[in-house]
Amino acid sequence: MSTATAVPSDTQDQAVAGAFRGYLDRVRGGDVGSLPAVLGFVALVIFFSAMRPDSFASTRNAANLLNQAAPVIFIAMGLIFVLLLGEIDLAAGYTSGVGAAVLVVLLTEHGVAWPLAVLACVATGLVIGTVMGALVARLQIPSFVVTLAWFLGLQGVLLLVVGEGGTISLSDETILSILNKNLSPALGWVLSLLVVGGYAAGAFLGSARRRRAGLPVVSPAVIGLKVAGLAAIMVAVTLVFNAERAVNPAIRSLRGIPLIVPVTLVFLLVLTFLLGRTGFGRHVYAVGGNPEAARRAGINVPMVKIACFAIGSMMAAFAGILFASYSNGVSPTTGGSSTLLYAVGAAVIGGTSLFGGKGRVIDAILGGLVVAVIQNGLPLITQKSGIQFIVTGAVLLLAASVDALSRRRAASTGQ
Amino acid sequence: MTEDPAPVLRLRGINKSFGAVHVLKDVGLDAWAGKVTALVGDNGAGKSTFVKGIAGIYGFDSGEYLFEGRPVSVSHPKQAAELGIEVVYQDLALCDNLDVVQNMFLGREIRSGLTLDENSMERRAEETLRGLSVRTLKSVRQKVSSLSGGQRQTVAIAKAVLWNSKVVILDEPTAALGVAQTEQVLSLVRRLADNGLAVVLISHNMNDVLQVADSVCALYLGRTAAQVDAGSTSTTQIVELITSGRSGDLGLPPTLAQEAVA
Ligand SMILES: Nc1ncnc2c1ncn2[C@@H]1O[C@H](COP(=O)(O)OP(=O)(O)OP(=O)(O)O)[C@@H](O)[C@H]1O
Ligand SMILES: [Mg+2]
């Protein structure tokens, strides 16, 4: 409405300052978003780099960190749909284990082609999630109980399929490459260009459409700053990963952005679109915010819940593929031990609320990176795994406290 | 009785029982376009039950339901909405985590293809609010959790008039509000009627009723005591209708008023 195309630079400065002040106000009002995750990530990276300059702060470790983080991030991306409802899925970890088992058994023991095996794996997740969702939404059993039962049951299934103490190994090249291959340096630059260009195009086109509709728009200077920030991050990331990181480059060169990065970005894009731009996504937030209001608005609340559990479990099953790719197979503990806690931690650290109605898919990535840095960095400092559990538990508790406090603050400041 | 020719909404001889409890007995109500009709009565008189029946949350057991002169059957909220009847319930049913536009269009989002048409929704929300002369909202993109009680009520009312509705029923819209916000909401209620809507206002507060109502329908223990013209009836008479079902030659015949108590 008011922002014309050619704005004098002093008003541009004011627009940037205004946007920044608006952001500060939101943070002060309790809407901290992903700020703790970003700050935590930076602080942890600086801390571990200072403590272990050789082992932690190496490009090889950076690539390994991403591959290590991927399965938990994928489980967390799915969990966010369930958390948005204000529900929980305690079975997500073992859903990924069972997904991995389905995949590996089909590939290794039955010689099925990989696309079919992947399909079967994701379909397994779909079935698990739909049944859990139906029990929660139709029979109205608390999700805590339903998914706890499935947690135990799926653990049993995994044990029966894989066999106690056994492992089934995987040799399918395609699946293995997901967490073991890298983009060529040139493709890495293409990817960066696509990410930055895509973001800029989306932001500027959206803004132009709003202006044409006669609606207030964000100042182009603010969008420009965001694009520049993203470009800086992408250039840094590409430079880091395009550097040679092989121990002995003469034998085998090792460089490029890990393949999992574009795979994750595709999922981020699709799921963010689903939550942010479609009617279904809007209804997910509504059900999480006020189920009674959603019901009166004519939204089919049980269907929305079932769909969210189904998406959560499909993402978990897909994470099973990543586990199989990372560890060359499946074992009875795949997706077990603290996998689920790490995934819940990732979502909450990233800024998704345990109370429902607040969260974004990117939270899983930001929080998952924080969890991965702790998981990766602590063993370089102390061999005691007890300390690692305690630290991760403390971080999860800290994130949950930030969530609860920001809710209280939002209530008291009326934000 | 007010004798304007054609009420938009007319109910006659409505009965409703919950099991053995006969809650509504031969209740009636008229609501005219451009007028505020107050529905008053003591606690438990049956106001909310009556309104929920009108909204189609449950069907009436018997009685006439006329909309624009035609008999209609309304047994589901969707049917009421299709006729153009919207209800703003006492607990506003807004999602705190969504913004004003998102709440106003909840469940009836405008889509273009696969995606939501945010720009059209935002524009229509702004137009509706402007049409109601609402100036208290800073931005239609602010979350409902950041709004005051009066602003929330405003959003809930705007949501009800967004759909070219003809009848808007408000269940105690000022019950939880302070003096200034009550004033704001009441003048909004008045403006709805001035814009040509038929407004039914449930209220316990005689001041509110006298300030905005053109017509007053008093329920007494599940019966319509009387529907009277607000201008030609005194406060004392209305209070008597509420508390004893009759006032002078207005209201229920003495036998019925007595019987209801027994
Ligand atoms: N579902 C139900 N089952 C049984 N009785 C009911 C039900 N709903 C309402 N009633 C009874 O119907 C009577 C009228 O209730 P209603 O809520 O309509 O009164 P009201 O006029 O809205 O009162 P208030 O001013 O307190 O809101 C009450 O005696 C109530 O107990
Ligand atoms: Mg009531």
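Brief remarks follow.
- Residues located in the range B:107-138, provided they are facing chain A (nearest Cβ under 9 Å) and without any contact (Cβ under 8 Å) to a residue 24 or more places away in the chain: B:Gly107, B:Glu109, B:Arg111, B:Leu114, B:Thr115, B:Leu116, B:Glu118, B:Asn119, B:Ser120, B:Glu122, B:Arg123, B:Glu126
- For the range A:278-286, the condition of being touching a Ser or Thr at 6+ places or on another chain (Cβ under 8 Å), at pLDDT 95 or above and facing chain B (nearest Cβ under 9 Å) holds for at least one residue.
- Among the residues of the range A:286-302, the ones that are in contact (Cβ under 8 Å) with a residue 24 or more places away in the chain and surrounded by fewer than 24 Cβ atoms within 10 Å (Cβ to Cβ) come to 2 in all.
- Hits in the range B:7-66 - residues which are within 15 Å of ligand 1 (Cβ to nearest atom), part of a loop (DSSP other than H, G, I, E, B), open to solvent by 20 Å² or more (accessible area, probe 1.4 Å) and small (Gly, Ala, Ser): B:Gly19, B:Ala20, B:Gly44, B:Gly59
- Looking across A:Ala208, A:Ala203, A:Ala186, one residue alone is in a helix (DSSP H, G or I), within 27 Å of A:Pro71 (Cα to Cα) and among the hydrophobic types (A, V, I, L, M, F, W, C). It is A:Ala186.
- Residue in the range A:359-371 that is within 14 Å of chain B (Cβ to nearest Cβ) and under 21 Å from A:Gly93 (Cβ atoms) present: yes
- Here B:His76 meets the list (1) assigned by TED's automatic domain parsing to the domain that holds B:Leu137; (2) modelled with pLDDT under 90 almost entirely, failing just condition (1).
- Qualifying residue in the range B:95-103 (condition: under 30 Å from B:Ser148 (Cβ atoms) and within 16 Å of ligand 1 (Cβ to nearest atom)): no
- Filter result for the condition that a residue is surrounded by 19 or more Cβ atoms within 10 Å (Cβ to Cβ), of a type outside the set (S, T, N, Q) and within 26 Å of the chain's Cα centre (by Cα), over A:Leu225, A:Leu170, A:Leu187, A:Leu194: A:Leu170
- Test: residue in the range A:251-263 that is within 14 Å of another protein chain (Cβ to nearest Cβ), closer than 24 Å to A:Ala319 by Cβ and either open to solvent by less than 60 Å² (accessible area, probe 1.4 Å) or out of contact with any Lys or Arg (no Cβ under 8 Å at 6 or more places or on another chain) (or both): no
- Considering the range B:182-223, and only residues there that are within 16 Å of ligand 2 (Cβ to nearest atom) and of a type in the set (Ser, Thr, Tyr), the residue that is farthest from B:Leu170 (Cα to Cα) turns out to be B:Tyr220.
- Counting only strands (runs of 3 or more DSSP E) wholly contained in the range B:145-262, the ones carrying 1 or more residues that are charged (D, E, K, R) and buried (at least 22 other Cβ atoms within 10 Å of the Cβ) occupy B:223-229.
- Qualifying residue in the range B:163-183 (condition: among the small types (Gly, Ala, Ser) and within 11 Å of chain A (Cβ to nearest Cβ)): no
- Residues in the range A:74-96 that are closer than 20 Å to A:Thr333 by Cβ, open to solvent by 10 Å² or more (accessible area, probe 1.4 Å) and not in a helix (DSSP H, G or I): A:Leu90 only.
- In the range A:1-38, the residue that is modelled with the highest pLDDT out of those that are closer than 23 Å to A:Ala208 by Cβ, of a type in the set (A, V, I, L, M) and loosely packed, with under 13 Cβ neighbours inside 10 Å is A:Ala6.
- Checking B:Lys78, B:Lys25 one by one, the residue that is within 14 Å of another protein chain (Cβ to nearest Cβ), among the charged types (D, E, K, R) and away from ligand 2 (no atom under 16 Å from the Cβ) is B:Lys78 and no other.
- Extreme residue, nearest to the chain's Cα centre (by Cα), among residues of the range B:79-99 that are within 15 Å of A:His283 (Cα to Cα) and at pLDDT 90 or above: B:Leu94
- No other residue among A:Phe280, A:Phe318, A:Phe273, A:Phe241 is open to solvent by 60 Å² or more (accessible area, probe 1.4 Å) and either of a type outside the set (Val, Ile, Thr) or in the same structural domain as A:Ile362 (by TED's automatic domain parsing) (or both) apart from A:Phe273.
- Residue in the range A:337-350 that is surrounded by fewer than 18 Cβ atoms within 10 Å (Cβ to Cβ), without any contact (Cβ under 8 Å) to a residue 12 or more places away in the chain and assigned to a helix (DSSP H, G or I) present: no
The values are calculated or read from the model by the stated rules, or taken from the named source; none is laboratory data. All values derive from a computational prediction rather than experimental measurement. Note: ideal-geometry Cβ built from the backbone for every residue, glycine included; neighbour counts use all protein chains shown. Protein only, heavy atoms only, side chains kept; ligands, DNA and RNA dropped before computing areas. Shrake-Rupley method; radii C 1.70, N 1.55, O 1.52, S 1.80 Å.
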